[in-house]
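The values are calculated or read from the model by the stated rules, or taken from the named source; none is laboratory data. Keep in mind that what you see is a predicted model, and the values were worked out from it rather than measured. Cβ sites come from the backbone with ideal geometry, for glycine too, and all protein chains shown count toward neighbours.
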Amino acid sequence: MGHDILSGGLREMESPLYREALTQFNRVVDMIHLDDNIAERLRVPQRAIVVTFPFRHDDYSDVESVWGYRVQHVLSMGPTKGGIRYAADVNLGEVAALAMLMTWKCAIVGLPFGGAKGGVRIDPTKISWPEKQRITRRYTSEIIDFIGPNKDVPAPDMGTDEQTMAWVMDTYSQQVGHSEPAVVTGKPPALGGSVARREATGRGLVSLLPLAAAEIEIAVDGARVVIHGFGNVGQYAALAASELGCRVIAVSDVSGGVFNERGIDVPAAMAWVAEHRSLQGFDGGDRISNDELFGLDCEVLIPAAVGGVITADNADRVGARLILEGANGPTTAAADEILRDRGIMLVPDVLGNAGGVTVSYFEWVQDLQNYFWSESEIVGRLREIMSRAFGQVLEVARSEGVDLRTAALIKGIRRVAEAKLVRGVYP
Ligand code: NAD
């Protein structure tokens, strides 16, 4: 390949996901003979903010210092855009990798954003609601100079939700002295959030299911679907798949999985999780482990939790014919190769889960214009953008003789490189 993988950021950003992101990027760079200067520039984020801040536990005497990050990968194409993740193992490298993926994703679906991502290293299942509020407000103030409607617009990701975005918006608005809904997306509709944003990632992903299934001649009606991760993305993907007539035979979360050959009652599982915060104790099927879930015989597998779960260790026993990536970075490069050899079709994260950022874009536009669209307009435009991007990626895949991940990255990286080239180097 000829790249020193330790050049271009890995010393600062060392993490398995950043390595994966660079490996994917370097493959495409070689394939499309990208200008060396541009390639070197795109291997590293333009801005990476690392903060530590104290937060007070509910036990008033207990004050803990936590780490927070915000990484902005490319600032050349408009504001940056990307979620904020709360997880026990978040680190700078992971956030930087996710910011890079956001750049490609926005370019693939044609949104006027560069990529960003944020994170706070905290286990969201171990903090109370008031603790989460204090963390969110303090994190927001620490990064406040770097976010804003025309600078960088956060959104929810793992461990954060509409309420978290409402706290970010409120903290920002308090500091600038006026209400600024456009500073975040994924807010509650009462604050200028868009209808259909909550369902957008899962729904957008599953809107590609019939298109991908047609390519490999799988019948959608009755197709067996398995879902890893049952949070925002997993739940709405499950719902959308069952609305299409598929049979969701297994779902799982961090507590383990549930399997039912006759089909999981998705609304009942969602209601259980809303009440109990996990699938633990849900009796709509037999308990299985997350590891067993990947081996289940099915038509469609939807990873919708964390990164790096489909690896060289389990790719040869994946039981699906089609993988729709809802999570970011769920498949390692080594696993990609195994799946390719096995003829399993994979719709990659940068295309598959782009529905979230697409409706976030709609939300931002609506907030800036103070003019709100109907649900049917939003869902219709989301479908249109997703299916157009899928068609374009498929075309690249055919013309270049590559898989869908490579094709999507070729499309995204070319667009970003073109923008960088025409802007030139300042000064
Ligand atoms: P979430 O916090 O709502 O849900 C995450 C789910 O994954 C939970 O069910 C959790 O229990 C489960 N999980 C966590 N660790 C796990 C593990 N080790 N094994 C099995 N399950 C595990 O998060 P989300 O917003 O649904 O995001 C899920 C994934 O989708 C992430 O990779 C995120 O980056 C990606 N994504 C989210 C959006 C969005 O709009 N929310 C958009 C694009 C991509």
Fill in the blank from the handout: For the stretch 55-77, pairs from a residue that is free of Cβ contacts under 8 Å to residues at least 60 places away in the same chain to a residue that is exposed (fewer than 13 other Cβ atoms within 10 Å of the Cβ), with Cβ under 8 Å and 6 or more apart or across chains, are Val63/Pro54; Glu64/Pro54; Ser65/Thr52; Ser65/Pro54; Trp67/Thr52
Fill in the blank from the handout: For Asn353, the lone unmet condition from (1) surrounded by fewer than 24 Cβ atoms within 10 Å (Cβ to Cβ); (2) out of contact with any Cys (no Cβ under 7 Å at 6 or more places or on another chain) is (1)
Completion exercise
Flagged pairs (Cβ under 7 angstrom, 6 or more apart or on separate chains; first in the stretch 352-371, closer than 29 Å to Leu301 by Cα; second more than 10 Å from the ligand (Cβ to nearest atom) and among the polar types (S, T, N, Q)) are Val359/Ser194; Phe362/Ser194
Exercise for the section: Take Ile143 and decide whether it is within 17 Å of Arg70 (Cα to Cα), of a type in the set (Val, Ile, Thr), out of contact with any helix residue (DSSP H, G or I) (no Cβ under 7 Å at 6 or more places or on another chain) and within 16 Å of the ligand (Cβ to nearest atom). Expected result: no
Fill in the blank from the handout: Gly424 passes all but one of the listed conditions (1) farther than 17 Å from Asp35 by Cβ; (2) at pLDDT below 95; the exception is number (1)
Handout entry: Test result for Asp35, more than 23 Å from the chain's Cα centre (by Cα) and in contact (Cβ under 8 Å) with a residue 12 or more places away in the chain
Key = yes
Fill in the blank from the handout: When every residue in the stretch 415-427 that is over 21 Å from the mean Cα position of the chain (by Cα) and charged (D, E, K, R) is compared, the one surrounded by the fewest Cβ atoms within 10 Å (Cβ to Cβ) is Arg423
Exercise for the section: Can you tell me which residue among Gly307, Gly319 is within 16 Å of the ligand (Cβ to nearest atom) and not hydroxyl-bearing (Ser, Thr, Tyr)? Expected result: Gly307
Problem - Single unsatisfied condition, Val233 versus (1) within 14 Å of the ligand (Cβ to nearest atom); (2) modelled with pLDDT under 95 - result: (2)
Handout entry: Qualifying residue in the stretch 353-373 (condition: in a loop (DSSP other than H, G, I, E, B) and among the hydroxyl-bearing types (Ser, Thr, Tyr))
Key = yes
Completion exercise
Within the stretch 95-144, the residues that are among the β-branched types (Val, Ile, Thr) and either touching a residue at least 40 places away in the same chain (Cβ under 8 Å) or in a helix (DSSP H, G or I) (or both) are Val95, Thr103, Ile108, Val109, Val120, Ile122, Thr125, Ile135, Thr136, Thr140, Ile143, Ile144
Handout entry: Test: residue in the stretch 325-343 that is within 15 Å of the ligand (Cβ to nearest atom), surrounded by fewer than 19 Cβ atoms within 10 Å (Cβ to Cβ) and modelled with pLDDT of 95 or more
Key = no
Exercise for the section: Considering only residues that are among the β-branched types (Val, Ile, Thr) and in a loop (DSSP other than H, G, I, E, B), look in the stretch 159-184 and name the one that is farthest from the ligand (Cβ to nearest atom). Expected result: Val184
Handout entry: Positions within the stretch 202-222 being touching a helix residue (DSSP H, G or I) at 6+ places or on another chain (Cβ under 6 Å), away from the ligand (no atom under 16 Å from the Cβ) and within 22 Å of Asn232 (Cα to Cα), in sequence order
Key = none
Problem - All positions within the stretch 268-304 that are in a helix (DSSP H, G or I), over 16 Å from Asn232 (Cα atoms) and within 11 Å of the ligand (Cβ to nearest atom) - result: Asn290, Asp291, Leu293, Phe294
Problem - Boolean, Ile249 is of a type in the set (Val, Ile, Thr), closer than 26 Å to Asn290 by Cβ, away from the ligand (no atom under 12 Å from the Cβ) and at pLDDT 95 or above - result: yes
Exercise for the section: All but one of (1) more than 16 Å from the ligand (Cβ to nearest atom); (2) among the polar types (S, T, N, Q); (3) buried (at least 17 other Cβ atoms within 10 Å of the Cβ) hold for Thr103, so report the exception by its number. Expected result: (1)
Problem - Residue that is surrounded by the most Cβ atoms within 10 Å (Cβ to Cβ), among those in the stretch 146-158 that are part of a loop (DSSP other than H, G, I, E, B) and more than 16 Å from the ligand (Cβ to nearest atom) - result: Ile147
Practice task
Take Gly263 and decide whether it is part of a loop (DSSP other than H, G, I, E, B) and within 27 Å of Tyr18 (Cα to Cα).
Solution key: no
Problem - Single unsatisfied condition, Arg340 versus (1) under 30 Å from Val195 (Cβ atoms); (2) out of contact with any Lys or Arg (no Cβ under 8 Å at 6 or more places or on another chain) - result: (1)
Problem - Residue that is nearest to Asp157 (Cα to Cα) [pool: residues in the stretch 316-346 that are of a type outside the set (Gly, Ala, Ser) and assigned to a loop (DSSP other than H, G, I, E, B)] - result: Asn328
Exercise for the section: Scan the stretch 382-406 residue by residue and report those that are of a type outside the set (Gly, Ala, Ser) and not in a helix (DSSP H, G or I). Expected result: Val402, Asp403
